[in-house]
Amino acid sequence: MGIKPWFSRAVVSGFLTLLVGIFPSIAFAAGAGAPHLEGKDLGLIWVVPFACMLLSIAIFPLIAPHFWHKNFGKVSGFWAVCFLIPFTIFHGYELALYETLHVGLLEYFPFIILLFSLFTVAGGVRVRGKLTGTPVLNTIILLIGTTLASFMGTTGAAMLLIRPLIRAMEHRKHKTHTVVFFIFLVANIGGSLTPLGDPPLFLGFLKGVDFFWPTVHMFLPMLFLSIVLLLVYFALDSFLYSKEGPIIVDPATVEPADEASFALDGKINLLLLVGVVAAVLMSGVWKPGISFNIYHVHVEIQNLVRDAILLFLAYLSLRLTNDQSRKENGFNWFPILEVGKLFIGIFITIIPAIAILKAGTSGALGMIVESVSTSDGQPVNYMYFWATGILSSFLDNAPTYLVFFNTTGSDVATLTGELSNTLLAISAGAVFMGANTYVGNAPNFMVRSIAEESGVPMPSFFGYMLWSGAILIPCFVVLTFIFFI
């Protein structure tokens, strides 16, 4: 089955399903007050399905890889059901329906549509030429990706460059460390300088933080981490490269067209990537004031327009890009399907964890919220950095950022003025520490999946945490002393 027919049928089917599902609900739902989940009434027992979801991602690929590869979607659905059934019994179907629709319509579907669009469009760009993955070239690609991430998003930069990087390393023996550093830099730390870079900063922009506030205040922390990590990577890759000996490229594997040195196929996709970034920015600045309710869930028209534009750009990419070029680029649908199936379980089971966190000092995680302030209410910036960061490593970093943003109790003018170091701590924790785990930021899991599909052996969930613990955590400790103490 070709790429284009599959996409066309999926879009039509999805659109019809959406129509059938939405319109009967509008008249019923509009008007009445929305059900409300009180996080202070929830015990930590409600977080167990989410914890089991994460443990499944961590353990099953190690102990039962074949089972996991065939059934990860069913495992994700199982843990979602394990939360929804008791939640419905104890809190009623109205609240369960509302929370499911809320997380689906406002979080999961926009999330997966954006990822799908970026995955499809960036997957249409194919680099041809005699790119050889030397330490210098690999470091340059990491540097370019780190720079681009703030302007086209961490996901966009990661999806654009991960395949060219893997192709350049095709004849290298040691590849895993390069992809790990790619996740550190391109998929996370690089997205520090604008609201386009990472979702937490975009939420801050929507809350009133100036567009260029991260550019000014996040620049030095981002520069410090980037320089340190690039130097560590270059030293490590140089060492491993010297152990491999000279790279011998089989002439039979080099296409005749590649002998020219360097070329790009699917250049139209670069323009489409600009369109993706513009659509996301549009949804944040265009406020027509048009909205409607779907069972109390407030859906704004600008977000629907954004998602429609993103799907259309993905469709254009598929129509305008040669299928054979995509195939030779190693493009297939498995990575986006894997992310889509796993993250539906994560998004649903994370509902009580976010609600408990939003309850502040009244919730079961109140001790964490209390730790970020002194007894007289003064912010403890290094605790804001680590509390936001650690939770962002396992929870969605966007709502975690918003929780601690609101925990300060200050308005935007104060946070961007006299408390700017507090906002810096929250922003840095949410963006930087998303690199600590595969689930800390959206592109992490996608990059891992693409790498594995391309034959690059990647560390397990806990194995990756050993990498981040050994390399990133010492950097974050030093960063704490430089900027937050």
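The figures follow:
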| quantity | calculated |
| --- | --- |
| Relative contact order (percent, whole number), the chain, Cα cutoff 8 Å, 6+ residue spacing | 25 |
| Between region 117-162 and region 171-188, the alpha-carbon center distance in angstrom | 12 |
| LYS358 - accessible surface, heavy atoms, 1.4 Å probe, Å² rounded to 10 | 140 |
| Rg/Rg_globular for the chain, with Rg_globular taken as 2.2 N^0.38 Å and Rg from C-alpha atoms | 0.97 |
| Charge context of ILE268, other residues only, Cβ under 14 angstrom, K/R +1, D/E -1 | +3 |
| Principal axis dimensions, largest first and in whole angstrom, of region 356-485 by Cα | 54, 32, 25 |
| Computed helical MRE - 222 nm, the chain, DSSP H runs ≥ 4 contributing -39500 (n - 2.57), nearest 500 | -22000 deg cm²/dmol |
| Out-of-range pairs (alpha-carbon distance over 26 Å; input LYS70/LYS327; LYS130/LYS175; LYS130/LYS267; LYS70/LYS267; LYS130/LYS173; LYS287/LYS341) | LYS70/LYS267; LYS287/LYS341 |
| Summed side-chain charge close to LEU201 - residues other than LEU201 whose Cβ falls under 15 Å, Lys, Arg +1, Asp, Glu -1 | -2 |
| Values of log10 I(q)/I(0), in the order q = 0.09, 0.10, 0.11 Å⁻¹, for region 61-205 under a Debye, Cα-only, solvent-free model | -0.43, -0.52, -0.61 |
| Other-chain or far-sequence residues with amide H under 5 Å of LEU264's (modelled H) | ARG128 |
| Gap separating the Cα centres of region 275-314 and region 421-485, nearest whole Å | 30 |
| Relative contact order (%) - region 369-441, alpha-carbon pairs under 8 angstrom, separation at least six | 42 |
| Span-like helix ranges in the chain, DSSP H, alpha carbon extent 24 angstrom or more, Kyte mean at least -0.5 | 3-29, 65-91, 135-152, 219-244, 268-285, 301-320, 461-483 |
| Only Lys, Arg (+1) and Asp, Glu (-1) charged, at Cβ; the chain dipole about Cα centre in debye | 1000 |
| 13 Å beta-carbon shell around ILE348, net charge (K/R +1, D/E -1) | -2 |
| Rg and Dmax of region 155-203, Cα atoms only, in Å | 12.6, 42 |
| Long-range HN-HN contacts of SER373 with modeled amide H, under 5 Å | VAL380 |
| Per-selection Rg to Rh, region 304-432 - Cα, Kirkwood hydrodynamic radius | 1.15 |
| FRET efficiency, HIS174 to PHE211 (Cβ-Cβ, R0 41 Å, nearest 0.05) | 0.50 |
| Mean projection area, nm², convex hull over Cα of region 428-485 | 4.1 |
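The values are calculated or read from the model by the stated rules, or taken from the named source; none is laboratory data. Quick caveat: nothing in here was measured; it's all calculated off a predicted structure. Here the Cβ is made from the backbone with ideal geometry for all residues, glycine too, and neighbour counts use every protein chain on show. Protein only, heavy atoms only, side chains kept; ligands, DNA and RNA dropped before computing areas. Shrake-Rupley method; radii C 1.70, N 1.55, O 1.52, S 1.80 Å.
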